[in-house]
Amino acid sequence: MIPGSFSYHRPASVADAVKLLSDLGEDARPLAGGHSLVPMMKLRLATPAHLVDLHGIAALKGIRRDGSNLVIGAMTTQHELLASGDVATTMPILHEAALLIADPQVRYRGTIGGNVANGDPGNDMPALMMTLGASYRLEGPGGTRDVAAADFYQGAYFTALEPGEILTSVSVPVPAAGHGYAYEKLKRKVGDYATAAAAVVLTMSGGKVATCSIGLTNVHETPLLAVDAAKAAIGTSLDAATLKKAAAAAEAIMAPAADARGPVEYRKHVGGIMVARALQRAAAVAK
Ligand code: FAD
């Protein structure tokens, strides 16, 4: 299908983009890589009258170190994340998860900002950002504010973004040296969204889990932090009984939709398996 008609705007600064979005009101939407928005427009599930293209704003690009955080500009593409040596060495789970998004064509255009701002429970980056304790910088007519990824998602396609606001960067604390990590994603075929996925970041001490954070993708209308599952893992050597307990704790908070990826019980069951596998693999790579 062909999208409905719209006006195209290409601001050169964040301030201009915010002004345009504020002036044009609810009928205007930011355009990043377009790989979620344009398919929605083709299906007429989104019918914005104005697209405010963020590609002309140099300040939204790039990855830089800020103290103990990596700050990733909203218009940084998944491909650029994959090409970053800093990302690969300091937070390899981000590299691993980016590689599991769609295919090279989508990753060349799709941005981190679009991925996390979209509010699609199927997107991989939101649960990962919650697991890593990331925060999002938002700029709008009222100024600048930082919102924790864990507080950003309110429902499917509902986020903390206020009218006129854009997400300008994602700030991710660099995990401890020697941490273990894994992103386990079950999908029907290469390029598909997750049937269920789990992110684990942990540290080990004396053969036992010292710290642990677990995020879940596409098993609820929002990404989830599996707090009780992480608690079940901490202080253990991740024996079979603990893995079962952690998987069950994660399944208890899942409420996936029944869709072409499977019925509710199946998606919860495989979600639990993703948690157990991610815990095991993360522990195995921790130093
Ligand atoms: P856009 O499509 O341009 O925008 C998405 C939404 O976010 C829009 O509502 C837009 O207004 C808003 N937005 C964009 N940038 C900002 C900003 N800076 N501030 C505020 N609002 C903003 N994603 C996955 O995570 N996993 C997958 O497995 C996966 N598979 C895919 C398979 C296919 C075939 C396709 C086409 C896409 C797939 N995607 C997947 C989605 C892809 O990663 C998108 O690129 C991403 O979700 C959105 O990023 P974008 O830059 O394309 O944003």
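Taken together, the values in this text are just the output of simple stated rules run on the coordinates, not laboratory data. It should be emphasised that the depicted structure is a prediction, and the values quoted were computed from it without experimental measurement. Note: ideal-geometry Cβ built from the backbone for every residue, glycine included; neighbour counts use all protein chains shown.
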Treating only the Cβ of Lys, Arg, Asp and Glu as charged (+1, +1, -1, -1), what charge dipole size does the range 1-88 show about its Cα centre? Round to the nearest 20 debye. 140 debye
Over the range 162-281, what is the relative contact order in whole percent, taking alpha-carbon pairs under 8 Å and six or more residues apart? 25 percent
Amide H neighbours of Gly191 under 5 Å, counting only residues 5+ apart in sequence or on other chains, H built in-plane at 1.01 Å? Ala102
If R0 is 35 Å, what FRET efficiency do you get for Asp103 and Glu26 from their C-beta distance, rounded to 0.05? 0.60
Aspartates and glutamates whose Cα lies under 20 Å from that of Lys185, excluding same-chain neighbours fewer than 8 positions away: Glu96, Asp103, Asp120, Asp124, Glu221, Glu251, Asp259, Glu265
If amide hydrogens are placed 1.01 Å from N in the peptide plane, which non-local residues have theirs closer than 5 Å to the one on Ala46? Met41
Could you tell me which of rounded, prolate or oblate describes the range 121-181, using a ≥ b ≥ c as the square roots of the eigenvalues of the alpha-carbon gyration tensor, with rounded for a/c under 1.5 and, failing that, prolate when a/b is larger than b/c and oblate otherwise? oblate
Taking the range 82-199 and dividing mean pair separation by its residue count, relative contact order in percent (alpha carbons under 8 Å, at least six apart): 28 percent
³J(HN,Hα) across the range 36-51 via Karplus (A = 6.51, B = -1.76, C = 1.60, θ = phi - 60°), whole Hz, x for Gly/Pro? 10, 5, 5, x, 5, 5, 5, 7, 6, 7, 10, 10, x, 7, 9, 10
In whole Hz, with x marking every Gly and Pro, tabulate ³J(HN,Hα) for the range 90-105 from phi via Karplus 6.51 cos²θ - 1.76 cosθ + 1.60, θ = phi - 60°. 8, 9, x, 5, 5, 4, 4, 5, 4, 5, 8, 8, 6, 9, x, 4
Residue order, fewest to most beta carbons within 10 Å, for Lys245, Lys42, Lys189: Lys189, Lys42, Lys245
I need Tyr153, Tyr193 ordered by Cβ neighbour count within 10 Å, fewest first. Tyr193, Tyr153
If one compares the long axis through the Cα atoms of helix 264-285 with the longest principal axis of the Cα atoms of the chain, the angle in degrees, nearest 10, works out at 70 degrees
For Lys245, counting only lysines whose alpha-carbon sits under 18 Å away and dropping same-chain residues fewer than eight positions off, the answer is Lys208, Lys231, Lys268
Please compute the contact order of the range 1-122 in relative form: average sequence separation of alpha-carbon pairs under 8 Å and at least six residues apart, divided by the residue count, as a percent. 26 percent
For the chain, the charge dipole (Cβ of Lys, Arg +1; Cβ of Asp, Glu -1; about the Cα centre) points to a positive end, and the Cα of His220, Ala249, Thr111 closest to that extreme belongs to Ala249
Please report, in debye to the nearest 20, how large the charge dipole of the chain is about its Cα centre when each Lys and Arg carries +1 at its beta carbon and each Asp and Glu carries -1 there. 800 debye
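Using a Förster distance of 25 Å, how high is the FRET efficiency between Asp259 and Leu43, based on the Cβ-Cβ distance and rounded to 0.05?
0.95
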When you take every Cα atom in the chain, what is the radius of gyration, and what is Dmax, the widest Cα pair distance, in Å? 18.9, 61
First check a/c for the range 181-263, with a ≥ b ≥ c the square roots of the eigenvalues of its C-alpha gyration tensor; if it is under 1.5, answer rounded, and if not, answer prolate when a/b is larger than b/c or oblate otherwise. prolate
Separation in nanometres of the label points that stand 7 Å from Cα toward Cβ, at Arg188 and Val227: 3.5 nm
Filtered hits (lysines, Cα-Cα < 21 Å from Lys61, offset >= 8 within chain) -> Lys19
Taking a ≥ b ≥ c as the square roots of the Cα gyration tensor eigenvalues, with a/c under 1.5 meaning rounded and otherwise prolate when a/b beats b/c or oblate if not, the range 52-134 comes out rounded
Computed magnitude of the charge dipole of the range 153-276 (debye, nearest 20; Cβ of K, R +1, Cβ of D, E -1): 440 debye
Please report the spacing between the Cα centers of the range 64-103 and the range 122-184 in Å, no decimals. 14 Å
